[in-house]
Structure formats: C-alpha cells, structure tokens
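Below is one structure, written out as structure tokens; comments come after it.
The values are calculated or read from the model by the stated rules, or taken from the named source; none is laboratory data. Keep in mind it's a predicted model, so treat the numbers as computed, not measured. FYI the Cβ positions are ideal-geometry reconstructions off the backbone, even for glycines, and counts take in every protein chain you see.
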Amino acid sequence: MIRRSALFLAFILVACANPEANQLPQPTAWKAILIAGDNSEPAFDNAVDAMAGKLAGYGLGPQDIVVLKASATGAQAADMANVAKAFATFGPTDSEGCFVFITSHGGAGRGLVMKAAPGFLTPDDLGDLLNNSCGRRPTVVIVSGCVSGFSQGKPMTAVNRMILTAARSDRTSFGCNANRHFTVFDECLLDGLDRGIPWAAVVVRTNDCVTRYENEAKVYPPSEPELFIGYSVERLSAF
C-alpha cells in the first residue's frame, strides 16, 4: 500500500502543478520501437514478441513497429547502428505518438545491456535518440531492467514523456531466468496493458501486479518501479 500511495503521489504532484491547457491531444496513431537488448534468457525476446502481437491487435501495422533483438542478425540485430537507424527512420507525424519498450539486463550507472553492440544503452543515449526522433510528440517509454535510472533527469525527462522503469535506480527487478517465459515486470506490464485505458491506469495495474508477486515470493528488497509523468501527457490513453 505504501508503494502504491507513493506512486499515486508522484502522479498527483505532477498533474496538479500544470493547467489543462498544456495537455497534448491523444495521438491518432502510434509508432513503436521494441528492443530485446540481451539474449542470455529467452524472456527478453518473448516479451518483445508478445508486445508486438498486442500492438498489432491494437491496429499498428508492420510499418509502424520496429523489433530489434540481441538474438537476431542483420537489420534485426539490436546493435547500436540498427538502434540509431530505427530511431532516425521512426517517422511519427505531428498527430502520432511514440512508444518505446526496451527489455534487458541493467548495469548500475550504465543503463541497459545491448549484447549485440556490445555495450550499454545509457539514459543519455536514449534521451538524445528520443529528442531527435520524437521531438515534442506524446511519448511513452518503458524500460525493463535493473538499476537503470532511466526515469531521472535530462535528457530523458520531458513534459511530453511518460517513463516507467522496472525497478528503482538502485534496485533489481526479478524473473530474469530460463524458468520464466517473461520477467516479472514484463509479464505484469503485458497483462495490465489494454487499449483505450489511461496510461496511468496501466502503470497502477503493473505496479500492483509486481507488488503481489514480490510479496508472495517474499523477495527483498522490493524492486519499486519508478514513474515519471510529464505534465503534457498525464491524461494520455494507451493506443
């Protein structure tokens, strides 16, 4: 209950500080980049495949979804050249929104593992890519990895962005093993994501699901997913 209240408090403080006039309109369509940065377990590939399936069911066409994986080769490999190209050719129109989902292992102070790079995708890297590709369009970024710190500070945070991470910047998340089809956070996110509901509701569903798992599994310390909501997208709905 404390963790859920804290998440709501962060949302309310951002929302109340800014007038209705600053809200961006709901996008007419979305462009998506989905990245599995590591292939040490199948859970990362499984998550981006499942997310791509959900987005297709919400009406996004093949031309609207880019999937990159550490396990892939050629143009589908999640190396830095292909990541940069994906963002450079993202191409959302002024009425479209940007959706980015990245799942991988994390490194403290370094970001997310990009095994095909090899190296890390840092918050600075991703912030710059978003600035150049999505600009001021409504943008939702979900970063699924331990100790990543992607929800804190420039250049990641912006008034037009909603950012959800799987864990606090100094905490681990759970379920990165060969015995699970998805990581805990990714499974909760996929279960909680429904078209047309507010993104804030998706966040609450995901957070509650993670909390239930951690309580039942008696894992400690809890992952405490982090949330940043820019005031221009506080009422944004999912797809």
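Structure notes:
- Filter result for residue 213 (in a helix (DSSP H, G or I), free of Cβ contacts under 8 Å to residues at least 40 places away in the same chain, over 21 Å from residue 98 (Cα atoms) and aromatic (Phe, Trp, Tyr)): yes
- Those residues of region 57-113 which are of a type in the set (Asp, Glu) and surrounded by 12 or more Cβ atoms within 10 Å (Cβ to Cβ), in sequence order: 64, 79, 96
- Residue check for residue 233: within 18 Å of residue 50 (Cβ to Cβ) and β-branched (Val, Ile, Thr): no
- Checking each residue in region 96-143 for being touching a Ser or Thr at 6+ places or on another chain (Cβ under 6 Å) and closer than 25 Å to residue 42 by Cα picks out 103, 106, 111, 112, 113, 143.
- Taking each residue of region 162-176 that is at negative phi and surrounded by fewer than 22 Cβ atoms within 10 Å (Cβ to Cβ) and looking for partners that are part of a loop (DSSP other than H, G, I, E, B) and of a type in the set (Gly, Ala, Ser) with beta-carbon atoms closer than 6 Å, six or more apart or interchain, yields 169/149; 171/223.
- Whichever residue in region 177-210 is in a helix (DSSP H, G or I) and not hydrophobic (A, V, I, L, M, F, W, C) and, among such residues, is surrounded by the fewest Cβ atoms within 10 Å (Cβ to Cβ): 191
- Within region 141-149, at least one residue is in a loop (DSSP other than H, G, I, E, B), of a type in the set (S, T, N, Q) and either over 20 Å from residue 229 (Cβ atoms) or touching a strand residue (DSSP E or B) at 6+ places or on another chain (Cβ under 9 Å) (or both).
- Sole exception among (1) in a loop (DSSP other than H, G, I, E, B); (2) closer than 19 Å to residue 30 by Cα; (3) of a type outside the set (Val, Ile, Thr) for residue 164, by number: (1)
- A count restricted to region 216-228 and to residues that are within 15 Å of the chain's Cα centre (by Cα) and in a helix (DSSP H, G or I) stands at 0.
- Only one of the numbered conditions (1) in contact with a Phe, Trp or Tyr (Cβ under 6 Å, 6 or more places away or on another chain); (2) crowded, with 22+ Cβ neighbours inside 10 Å; (3) touching a residue at least 60 places away in the same chain (Cβ under 8 Å) is not met by residue 159, and that is (2).
- Those residues of region 150-179 which are touching a helix residue (DSSP H, G or I) at 6+ places or on another chain (Cβ under 6 Å) and not aliphatic (A, V, I, L, M), in sequence order: 150, 155, 160, 173, 174, 175
- Pairs meeting the criteria (first residue in region 22-34 and among the hydroxyl-bearing types (Ser, Thr, Tyr) and exposed (fewer than 13 other Cβ atoms within 10 Å of the Cβ), second residue modelled with pLDDT of 95 or more and part of a loop (DSSP other than H, G, I, E, B), beta carbons under 7 Å, at least 6 apart or on different chains) are 28/95.
- Residue match in region 50-68 (condition: closer than 22 Å to residue 172 by Cα, modelled with pLDDT of 95 or more, over 18 Å from the mean Cα position of the chain (by Cα) and not in a strand (DSSP E or B)): no
- If you go through region 115-125 and keep only what is hydrophobic (A, V, I, L, M, F, W, C), outside any loop (DSSP other than H, G, I, E, B) and surrounded by fewer than 24 Cβ atoms within 10 Å (Cβ to Cβ), you end up with just 120.
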